[in-house]
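The next block holds one structure in the form of structure tokens; read it before the comments.
The values are calculated or read from the model by the stated rules, or taken from the named source; none is laboratory data. Bear in mind that the values here come from a model prediction, so they are computed numbers and not experimental data. Don't worry about glycine lacking a Cβ; one is built from the backbone with ideal geometry, like all the others, and counts go over all protein chains shown. The area values use the complete protein model at the heavy-atom level, side chains included, leaving out ligands, DNA and RNA. Shrake-Rupley method; radii C 1.70, N 1.55, O 1.52, S 1.80 Å.
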Amino acid sequence: MSAFRTSGPARFGQYLALVAYLVFLAFPFLWLISTAFKPAVELGSPHPTWIPRAPTLDNFRQAFDEQPLLRAAGNSLLAALAAALVAVLVATPMAYVLARHRSRLTAAATGWVVVSQAFPFVLLIIPLFLVLKNLHLVNSLAGLTAVYVVWSLPFALWMLTGYVRAVPVELEEAAAVDGAGRLRVLVSVTAPLLGPGIVATALFAFITAWNEFFFALVLLKTPEKQTLPVVLTHFLGAEGVADLGPLAAAAFLATLPSLVVFAVIQRRITGGMLAGAVKS
Amino acid sequence: MSATTADRRSARRRTPAGAPGAGRPRPSPGSGPFHSPWFLVLPALLPILLLSVGPILYGIALAFTDAQSGRTQATGWIGALNFRDLLHDTLFWDSFRIGLVWAVGVTVPQFLLALGLALLLDQKLRLRWLARALAIVPWAMPEVVVGIMWRLVYNPDAGILNETLRDLGLGEDRVWLGGLATALPAVLVVGVWAGMPQTTVALLAGLQNTPRELHEAAALDGAGAWQRFRTVTWPALRPVALAISALNLIWNFNSFALVYVLTGGGPGGRTRLPMLFAYEEAFRYGQFGYAAAMGCVMVAVISVLLALYLVGRLKGDEDR
């Protein structure tokens, strides 16, 4: 891009636009942080300020008092970890087959991946709710985890298939010549090279489950079982009247894990997403 | 790790050196009990069939029944009765219309803003790293938190939006999310904000695949910025732009959490997206069959969108 000169005024315009974007992206998040650290007096003031005059951690303490945040975070962590682990375990062999074989199965699987991205979940959740209810898995994290596994599979398959394709097929062929079976080839040759890709996929599945709301809202009935996003909505109260400080504090805390993980894997996800949307 | 290195080394040794396309025709991985790829596919295929494909078919079947929660009589087939009722359900069509307005009203501005930001981030600008870092924030946040955050911004008394408008002398306090006229535009802004980073990153990746020499050649020929965009950038970006817009359109039509947290569908149903409507019908009023029929109608609409996208993509491939 530096091949051609950009004139001074044009450059100035570019920076102006960039700053405008930065403000638009940042201001709600900064306001959330500001609100989280404000004492109740300032929150009640008719003229709110950006910087809290007397910053406090009271909101955080109050948030933990009002709602079972720790337990909810524990539930979220459990469901998300289990979902990520199982999703990667079952998706890796399938992704391997999808990447290495062209057949009607791979065509069908690819088609399903596209369709599942577009599916309105309400048509899925009603029968799932009925089935899980009959299995006594409504209001259980096991039932929710199962749903999360299937829900994150399309994207996991997409990402992993791309990573498998990047492994030189010659390595596998050499092992096959030596008489290794398919499973052997996968476990001892391909899988070790997939390490970083598998980790990125697992982290993505983890974040997806950690952030998920709709399935959790429908499937988890009692506060002891509910995940963090569902418990966060309890702060909003029945009539939408909210205790702003604790609400902001809890929301801020709920975001931190996602932000950290996402910062780590952001580049890899973009690649996987594009490969899926454009190339397949 | 040592085993892997050994494998790799032995693999290299056994591949005839310097022979292009060595190893072809490919020897199929050896025989044995695990020869069939089905063995490897099964662990993923079973949950997909049991928890995704199966329930979807079941869901479509439910649309033709009078299934309700807490019903004492057995559920029965009622044919297309749900769909006939749906046809006359003005509330549903209201929500359907809102869903389309929302999908287009979020996707289009989101795309234009994201395109602008992507073009900026493709330049060598000083604050580029900050913009990239910030772009992660809305993307990584749980939708529930995005909704909560914007409720704090829109809050009539303690929100920053009204305070800023007061400071600028721009009118009295507005109840943004509670006002009949302002609710939908207010949630649209949040939708744009929440989805913009993802679109930006996708477009940016597309931009960076554009051959640089083409830009330079066009610049040498004296093409202006707009001409370069039209003749070089856009043709290369088109497939990505089309794909991400089609997906955004569909995702937005299906969205739930954001608006559920922001307004709950109110005021007076002004922001009641189809998913919110179907959710209430199914899990507040227990009308499983009727809600499933709504889901089917949504699927039909989305299929049309998906078909348009696929046709567009095929046409794009032919053009090249």
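Here are a few things to note about the model shown:
- Exposed-site-free run, longest, chain A (rule: trypsin sites (Lys or Arg not before Pro); DSSP loop; at most 13 other C-beta within 10 Å): A:103-220
- The eigenvalues of the Cα gyration tensor, multiplied by 5 and square-rooted, give chain B an equivalent ellipsoid with semi-axes of 42, 36, 20 Å from largest to smallest.
- Three-way shape label, region A:1-116, alpha-carbon gyration tensor, a/c 1.5: oblate
- Basic side chains Lys and Arg get +1 at the Cβ, acidic Asp and Glu get -1 at the Cβ, and with that the dipole of the protein assembly as shown about its Cα centre reaches some 2080 debye.
- Applying both filters, DSSP loop and at most 11 other Cβ atoms within 10 Å, to the GluC sites (Glu not before Pro) of region B:162-245 gives B:Glu172.
- At 0.890 mPa s and 25 °C, Stokes diffusion of the protein assembly as shown via Kirkwood alpha-carbon radius, µm² per second: 94 µm²/s
- Cβ-based charge dipole, region B:51-137, positive-most Cα from B:Leu113, B:Ser52, B:Leu130: B:Leu130
- Close amide H pairs (under 5 Å, H built 1.01 Å from N) link B:Thr65 with B:Ile78, residues at least 5 positions away or on another chain.
- Averaged over the residues of B:281-289, the number of partner chain Cβ atoms lying within 10 Å of the residue Cβ comes to 2.
- Counting Cβ atoms of other protein chains within 10 Å of each residue's Cβ and taking the mean over peptide A:14-22 gives 5.
- Drop in accessible area of at least 40 Å² in the complex versus isolated chain, residues of region A:215-237, 1.4 Å probe: A:Leu217, A:Leu236
- Taking a ≥ b ≥ c as the square roots of the eigenvalues of the Cα gyration tensor, an a/c ratio of 1.5 or more together with a/b no larger than b/c marks chain A as oblate.
- B:Ile160 exposes around 10 Å² of accessible area when a 1.4 Å probe is run over every protein chain in place.
- Computed about its Cα centre, the charge dipole of chain B is approximately 1560 debye, with only Lys, Arg, Asp and Glu carrying charge at their Cβ.
- Once C-alpha pairs closer than 8 Å and six or more residues apart are averaged by separation and normalised to the residue number of region B:102-200, the relative contact order reads 42 percent.
- Based on Cα contacts under 8 Å between residues 6+ apart, region A:12-83 shows a relative contact order of 22 percent.
- Top positive-direction residue, dipole computed over chain B with Cβ charges, set B:Met298, B:Ser95, B:Thr72: B:Met298
- Dipole of the protein assembly as shown, positive end: most advanced residue of A:Ile265, B:Phe229, A:Val164 [Cβ charges, Cα centre]: A:Val164
- Carbon and sulfur %, accessible surface of the protein assembly as shown computed with the full protein complex present, 1.4 Å: 66 percent
- Ignoring the sites themselves, chain A has its longest run without GluC sites (Glu not before Pro) in a DSSP loop having at most 14 other Cβ atoms within 10 Å at A:1-223.
- DSSP H segments from chain A that extend 30 Å or more along their own axis, Cα-based, with Kyte-Doolittle mean of -1.0 or above: A:8-36, A:69-100, A:141-165, A:244-274
- Heavy atoms of chains A and B lose about 9900 Å² of accessible surface on contact, summed over both sides with a 1.4 Å probe.
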